[in-house]
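Chemist: Attaching a single structure in structure tokens format; questions to follow.
The values are calculated or read from the model by the stated rules, or taken from the named source; none is laboratory data. Please read all numbers here as calculations on a predicted model, not as lab measurements. Because the Cβ atoms are built from the backbone with ideal geometry, glycine has one as well, and the counts that use them run over all protein chains shown. For accessibility, only protein heavy atoms count, side chains too; no ligands or nucleic acids. Shrake-Rupley method; radii C 1.70, N 1.55, O 1.52, S 1.80 Å.
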Amino acid sequence: MNKILTELEARRNIARMGGGQNRIDAQHAKGKLTARERIDLLLDDDSFEEFDMFKAHRCVDFGMDEQQFPGDGVVTGWGTINGRMVYVYSQDFTVFGGSLSETHAEKICKIMDMAMQNGAPVIGLNDSGGARIQEGVASLAGYAEVFQRNVMASGVVPQISVIMGPCAGGAVYSPAMTDFIFMVKDSSYMFVTGPDVVKTVTNEIVTAEELGGASTHTKKSSVADGAFENDVIALTEVRRLVDFLPLNNRQKPPVRPFFDDPSRVESSLDTLIPENPNQPYDMKELILKIADESDFYEIQEDFAKNILTGFIRMEGSTVGVVANQPTVLAGCLDIDASRKAARFVRFCDAFEIPILTLVDVPGFLPGTSQEFGGVIKHGAKLLFAYGEATVPKVTVITRKAYGGAYDVMSSKHLRGDFNYAWPTAEIAVMGAKGATEIIHRADLNNPEKISQHTADYEKRFANPFIAAEKGFIDEVIMPGSTRRRVCRAFASLRGKSLKNPWKKHDNIPL
Ligand code: HXC
């Protein structure tokens, strides 16, 4: 008996060594942790239960039968994050460069299937040279099996990808179909075709970092939702994000203990809006001042900064926040902002996370680049996302809410549950100057008359009361009381039940 136990331990030790000490040292020398070290950091202490530690590839071509590493380049299993269950796979770059073989894919598929059945998130730690070249089409088939599961799991359990090394070729499409992608700065990259192919086909000379590093994907392409300095910070931040999320689409988001008075009055908000309506202010200040303990988990912080998206808690419950940011492009909606916010709203709705919308929007950004880029279709994504969302929706208009953007930003007409406005709100079809120049065109050559008309228009529309008279604004609230009002609003909506008509699926303007 003792001998069998010793043999088991010996086999386990071999599997735990992955591709061997030299390759582990090489991994460390690149500033990267090993697959197992990453899992240890991601999960609660001693909570990891591994599957398929001894699973081996079946390839015999190119001398592969002589090269066996138990586990075949990916560590899979489940564990807990702050006591809540998650499934995880972590690719082991020390074994065939973390490349995906048929059996490597089977291991990932197994935990994805279990995650779906048991209703828990899937977290993928990606560090792979892509398809296992020696296995050919069997490897491509393995990828497709994973892709299909990504699609089926979408909207059922949260899926999070962390890119911690190479992720190239078709391999990028699994992370691309998950809910969130995070990258590690300077050690991870994602691209469909690498720098060499790019050079051959387009003559462009570009480094891997420029083509698909963390900076590119968080600032330019918006493929990634966040980038972190190193493996340790990335994994710590994923733990923080998981705390905000429900485990599946049948559960409500978690309620955490909170130590912040829901009725807390923030008098400083009464002076947040500058006297000059064209002067910007930082909308993040409002978010931080109304969130429990000022804790804001921002998503896509470095992309489309004219809109803010992220998670806060109110009375311990997760709330998704979408907010125009007046400090960037005056808070205008544009293509990038619409896409960013639409995807976020859809995530929240899929996982029953209530949405708080903070509005200060002068309209859609004008210009040929926006029109040629299809702002009509992209803006419609956000409109569509808000319109189809059935989760509790609370909206606060702090200042401008002009034109179509007023409608889009979770207005009453898109089934907003609570639509509040600050006394500083201006709700109208368009700004006073533009409106006057159209409806008083005959007076265009008379500056005195124009300025009088403009002042009249401002007096009539640069306030929240016309909308309030029509019931489009439920209440005009004191800025300092926003946290109390919004907490009470969400508390009153905990039993909300709203269903859209049956359909196979909608046809959002992709
Ligand atoms: C098998 C691979 C491999 C792969 C790396 N290795 N990629 N083995 N299949 N795809 C092995 C190497 O042979 C090496 O083995 C070890 O992993 C580490 O690789 P290095 O090259 O030494 O590491 P590094 O210098 O850090 O370079 C990493 C790399 C490079 C940039 C990822 O290895 C590389 O370019 N690999 C090939 C990438 C690729 O073309 N993949 C296929 C993409 S197409 P030893 O034994 O020396 O340690 C694809 C299609 C998917 O993925 C389609 C899905 C639909």
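Chemist: How far is it, in nm, from the label point at Asn446 to the one at Ser268 when both lie 7 Å from their Cα along the line to the Cβ?
Modeler: Placing both labels 7 Å along Cα→Cβ, they lie 4.9 nm apart.
Chemist: Something else now. Please identify every one of the trypsin sites (Lys or Arg not before Pro) in region 229-305 that sits in a loop by DSSP and has no more than 12 other beta carbons within 10 Å of its own beta carbon. Could the numbers behind the result be given before it?
Modeler: Details: sites: Arg239, Arg240, Arg250, Arg264, Lys284, Lys289, Lys305; in loops: Arg250, Arg264, Lys305.
Here the sparse-neighbourhood loop sites are Arg250.
Chemist: Now, a different point. Going by Cα centres, region 109-175 and region 414-437 are how many Å apart?
Modeler: Distance between centres, Cα-based: 45 Å.
Chemist: For region 1-93, just run the numbers: alpha carbon Rg, then divide by 2.2 N^0.38 Å, N being how many residues it has.
Modeler: On the way: Rg = 14.7 Å, N = 93, 2.2 N^0.38 = 12.3 Å.
Expressed relative to 2.2 N^0.38 Å, the Cα Rg reads 1.19.
Chemist: Over what distance in Å are the Cα centres of region 455-510 and region 344-413 separated?
Modeler: The two parts, judged by their Cα centres, are 12 Å apart.
Chemist: What base-10 log of the normalised intensity I(q)/I(0) is obtained for region 285-341 from the Debye formula, alpha carbons as equal point scatterers, at q = 0.13, 0.26, 0.29, 0.31 Å⁻¹?
Modeler: -0.31, -1.00, -1.14, -1.22
Chemist: Give the Debye-formula value of log10 I(q)/I(0) at each listed q (0.10, 0.11, 0.12 Å⁻¹), with one equal scatterer per alpha carbon of the chain, two decimals each.
Modeler: Listed by q, the Debye log ratios stand at -0.83, -0.96, -1.09.
Chemist: How big is the gap, in Å, between the Cα center of region 190-227 and the Cα center of region 43-102?
Modeler: Cα centres, region 190-227 to region 43-102: 28 Å.
Chemist: Determine the alpha carbon to alpha carbon distance for each of Lys284/Lys412; Lys284/Lys504; Lys107/Lys220; Lys305/Lys449; Lys199/Lys220 and list only those over 32 Å. List each step's numbers first, then the result.
Modeler: Details: Lys284/Lys412 24 Å; Lys284/Lys504 38 Å; Lys107/Lys220 34 Å; Lys305/Lys449 38 Å; Lys199/Lys220 20 Å.
Among Lys284/Lys412; Lys284/Lys504; Lys107/Lys220; Lys305/Lys449; Lys199/Lys220, the Cα-Cα distance tops 32 Å for Lys284/Lys504; Lys107/Lys220; Lys305/Lys449.
Chemist: To continue, here is another question. Report, in cubic angstrom per residue, the convex hull volume of the C-alpha atoms of region 319-363. Present the calculation step by step, with values, prior to reporting the outcome.
Modeler: On the way: hull volume 2.6 nm³, N = 45.
Expressed per residue, the convex hull around the Cα atoms of region 319-363 is 58 Å³.
Chemist: Now for a different question. When ligands, DNA and RNA are left out and all protein chains stay put, how many square angstrom of accessible area per residue does the chain have with a 1.4 Å probe? Walk me through the numbers before you get to the answer.
Modeler: Numbers: 23070 Å² over 510 residues.
Per residue, the chain has an accessible area of 45 Å².
Chemist: Let me ask another. Semi-axes of the equivalent ellipsoid for region 50-139, please: Cα gyration tensor eigenvalues, times 5, square-rooted, ordered largest first, whole Å. It would help to have the intermediate numbers written out before the result.
Modeler: Values: eigenvalues 131, 27, 24 Å².
Equivalent-ellipsoid dimensions as semi-axes: 26, 12, 11 Å.
Chemist: With a 10 Å radius around each residue's Cβ, average the other Cβ atoms per peptide and rank 336-343, 493-500, 203-210, highest first. Intermediate results must be reported in sequence, preceding the final value.
Modeler: Details: 336-343: 24.1, 493-500: 9.9, 203-210: 12.4.
Per-residue mean Cβ counts within 10 Å order the peptides as 336-343, 203-210, 493-500.
Chemist: Can I ask one more? What is the ratio of the Cα radius of gyration of region 301-419 to 2.2 N^0.38 Å, where N is its residue count, to two decimals? Write out the running numbers ahead of the final one.
Modeler: On the way: Rg = 13.1 Å, N = 119, 2.2 N^0.38 = 13.5 Å.
Normalised Rg, Cα atoms only: 0.97.
Chemist: Treating the angle as unsigned and between 0 and 90°, give the value, to the nearest 10°, between the Cα long axis of helix 231-244 and the longest Cα principal axis of the chain.
Modeler: Long axis of 231-244 versus the principal axis of the chain: about 60 degrees.
Chemist: Per DSSP H run of at least 4 residues, take -39500 (n - 2.57); add these up for the chain, divide by its residues and hand me the 222 nm value, nearest 500 deg cm²/dmol. All intermediate terms of the calculation are to be shown ahead of the outcome.
Modeler: Values: 18 runs with 185 residues, N = 510.
Rounded to the nearest 500, it is -10500 deg cm²/dmol.
Chemist: Let me ask another. Please work out the FRET efficiency for the pair Asp407 and Leu5, using the Cβ-Cβ distance as r and a Förster radius of 60 Å; give the result to the nearest 0.05. Before the final figure, lay out the partial values.
Modeler: Values: r = 69 Å, r/R0 = 1.14.
Once rounded, the FRET efficiency stands at 0.30.
Chemist: With a 1.4 Å probe and every protein chain kept in, tell me what percent of the accessible surface of region 341-411 is carbon plus sulfur. Don't jump to the answer; show the numbers that get you there.
Modeler: Values: 1320 of 2120 Å².
So the carbon and sulfur contribution to the accessible surface is 62 percent.
Chemist: Something else now. Provide the net charge surrounding Met53, with neighbours chosen by a C-beta distance below 11 Å and charges set as Lys +1, Arg +1, Asp -1, Glu -1. Before the final figure, lay out each step's value.
Modeler: Numbers: positive: Arg11, Arg12, Arg16, Arg36, Lys55, Lys107; negative: Glu49, Glu50, Asp52, Asp72.
Once positives and negatives cancel, what remains is +2.
Chemist: So what does the Cα-only Debye profile of region 391-510 read at q = 0.14, 0.16 Å⁻¹, as log10 I(q)/I(0), no solvent term?
Modeler: -0.71, -0.83
Chemist: Kindly sort Val321, Val429, Val151 by accessible area of their heavy atoms, largest first, with the probe set to 1.4 Å.
Modeler: On the way: Val321 0, Val429 115, Val151 70 Å².
Largest to smallest exposure gives the sequence Val429, Val151, Val321.
Chemist: Continuing with this model, one more query. In square nanometres, what is the average projected area of the Cα convex hull of region 14-59?
Modeler: Working: hull surface 16.9 nm².
That works out to 4.2 nm².
Chemist: Here's something else I'd like to know. For an R0 of 45 angstrom, estimate the FRET efficiency from the Cβ-Cβ distance between Val429 and Ala491 and round to the nearest 0.05.
Modeler: Numbers: r = 34 Å, r/R0 = 0.76.
The computed FRET efficiency comes out at 0.85.
Chemist: Taking the full set of protein chains and a 1.4 angstrom probe, give the accessible area of Val345 in square angstrom, rounded to the nearest 10.
Modeler: 0 Å²
Chemist: Let me ask you something else. Would you mind checking the tilt of helix 482-492 against the longest principal axis of the Cα atoms of the chain, expressed as 0 to 90 degrees and rounded to 10?
Modeler: The helix 482-492 is inclined about 70 degrees to the chain.
Chemist: Can you tell me the orientation of helix 137-153 relative to the chain, as the angle in degrees between its alpha-carbon axis and the longest Cα principal axis, to the nearest 10?
Modeler: For 137-153 against the chain, the angle is about 40 degrees.
Chemist: A further question on this structure: Give, in whole angstrom and from largest to smallest, the semi-axes √(5λ) of the equivalent ellipsoid of region 97-162, with λ running over the eigenvalues of the Cα gyration tensor.
Modeler: On the way: eigenvalues 96, 29, 16 Å².
Each semi-axis is the square root of five times an eigenvalue, giving 22, 12, 9 Å.
Chemist: Apply 1/(1 + (r/R0)^6) to the Cβ-Cβ distance of Asn13 and Asp45, taking R0 = 22 Å, and write down the FRET efficiency to the nearest 0.05. Please report the intermediate quantities before stating the final value.
Modeler: Details: r = 20 Å, r/R0 = 0.93.
Result of the calculation: an efficiency of 0.60.
Chemist: Moving on to the next point. Would you please state which residues of region 464-495 a label at Gln279 would reach in this model, taking the label point 7 Å out along Cα→Cβ and a backbone N cut-off of under 14 Å?
Modeler: none
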